[in-house]
Amino acid sequence: MHKLKRTANLKKISGYSLLLLLLINIAGCRQNSGSTTQSEETTVKLVNAPAFNADSAYAFIENQVKFGPRVPNTPAHVKAGDWMIKKLKEYGFEVTEQPFKPVTFDGKTLNARNIIGSYNPAAAKRILLAAHWDSRPFADKDSTRKEQPIDGANDGASGVGVLLEIARTIHTSAKKPEIGIDIIFFDAEDWGEKEDMQPAQDKVYWCLGSQYWAQNLHKPGYSAYFGILLDMVGAKGAVFPKEGMSMQYASSINNQVWNIARTLGYGQYFIEEEGAGITDDHVYVNNLARIPMIDILHQELNSSRTFGAYHHTHHDNMGVIDKNTLKAVGQTVIQVLYESNSEML
Ligand code: AHN
Ligand code: ZN
């Protein structure tokens, strides 16, 4: 905690005391972690938090994929949603379903629902965690079967799997976070225009669930201290550059989360680079609900494409999911929740 604030304090001090402080600081870094090559404000002292189980998160992803593509207006979508609600309740979360009927770019009316699970519903200080739970109805970036729905193992199921595992971890752990937690599974995120189409000028067809929720909060006057969105958090070798909109709306939260990740040893995933700004569910939470929210999102850097090669293709199946990536993301988010007991966040 103190190292995040030390940078500012250093400016007030000069001469020998500065030198002394630097020496203490270097020694402190060595105790906290092995990464003395990082700049001084990147290592933080962490509280004890329960372990995230990546095998269980993987099984939650597999379970969703087994229902079939979670495309709105299909039986698989209804069954998967019901299963997620059952799991949240099993882990002691109070569940609110928010049905809505958005119209898509291709004129379809969807039977959609946002699913909200609340832990410690009476707590005033809350952290919002979210992922979209629907999967894309087309494989428009694939070269074959472009009109067929995709498994969405990473794009959709990975975020839900990590969040369900976080819910399970809190439920089974003796130590509980002191804050309230809301897990929102947004529906109808991924029915946006196809790859070769011009996007509509007046309306965004992505993120229909978060747009609806931000304008129709599940509890009147709902707010949270901050939020974290997970999107495509399970691919092998994924990197999470600091997403552009997150840095625009919530840079201090983003930097603190990345510092926690690095301290835990996940710096190879949570890299110190800024990525593109992406129209994702957090944008509406930020600019309509006015809750600062970051997006942990896999983006490719130094590539002609923004997202991984699997994105919106049939390759987005269980074969791309890697437990090491799930562990890095899940453990980081759990640590953030438990740090809220301390003064860091
Ligand atoms: C855009 O491509 C502009 N937004 C897509 C965000 C997304 C799609 N995340 C997952 N699937
Ligand atoms: Zn998608």
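Given Cα pairs under 8 Å that are at least 6 residues apart, what percent is the relative contact order of the chain?
Working: 686 pairs, mean separation 75.1, N = 345.
Answer for the chain is 22 percent.
Under unit Cβ charges (Lys, Arg +1; Asp, Glu -1), what dipole magnitude, rounded to 20 debye, does the range 220-342 have relative to its Cα centre? Show your work: numbers first, answer last.
Working: 7 positive and 12 negative charges, 44 e Å.
Here the range 220-342 has a charge dipole of around 220 debye.
If amide H atoms are built 1.01 Å from N in the plane of the peptide, which residues on other chains or at least 5 residues away come under 5 Å of the amide H of L129?
Those qualifying (amide H under 5 Å, at least 5 residues apart or on another chain) are D182, I183, I184, I228.
With contacts defined as alpha carbon pairs under 8 Å and 6 or more residues apart, what's the relative contact order of the range 177-255 in percent? Before the final figure, lay out each step's value.
Details: 30 pairs, mean separation 16.9, N = 79.
Once normalised by length, the contact order is 21 percent.
Sorted by average packing, counted as other Cβ atoms within 10 angstrom per residue and highest first, what order do 313-320, 149-156, 120-127 take? Before the final figure, lay out the partial values.
Values: 313-320: 19.0, 149-156: 26.9, 120-127: 14.6.
Those peptides, ordered most packed to least, come out 149-156, 313-320, 120-127.
Going down the table (K86/K141; K66/K175; K89/K146; K242/K327; K86/K236; K141/K236), which pairs top 25 Å between alpha carbons? Mind dumping the intermediate values first?
Values: K86/K141 34 Å; K66/K175 33 Å; K89/K146 37 Å; K242/K327 19 Å; K86/K236 29 Å; K141/K236 20 Å.
Where the Cα-Cα span goes over 25 Å, the pairs concerned are K86/K141; K66/K175; K89/K146; K86/K236.
Ranked by Cβ crowding within 10 angstrom, fewest neighbours first, how are I253, I183 ordered? Can you show the working numbers first?
Details: I253 19, I183 24.
Fewest-to-most ranking of I253, I183: I253, I183.
I'd like the distance between the alpha-carbon centres of the range 174-223 and the range 125-170, rounded to an integer number of Å.
13
Assigning unit charges at the beta carbon (Lys, Arg +1; Asp, Glu -1) and nothing else, what dipole magnitude in debye, to the nearest 20, does the chain show about its Cα centre?
Values: 35 positive and 38 negative charges, 235 e Å.
Rounded to the nearest 20 debye, it is 1140 debye.
Any read-out appearing in this document is the output of simple, stated calculations on the displayed coordinates, not a laboratory observation. Remember, it's a predicted structure, so these values are computed and weren't measured experimentally. Heads up, the Cβs are rebuilt from the backbone with ideal geometry, glycines too, and the neighbour counts pull from every protein chain shown.
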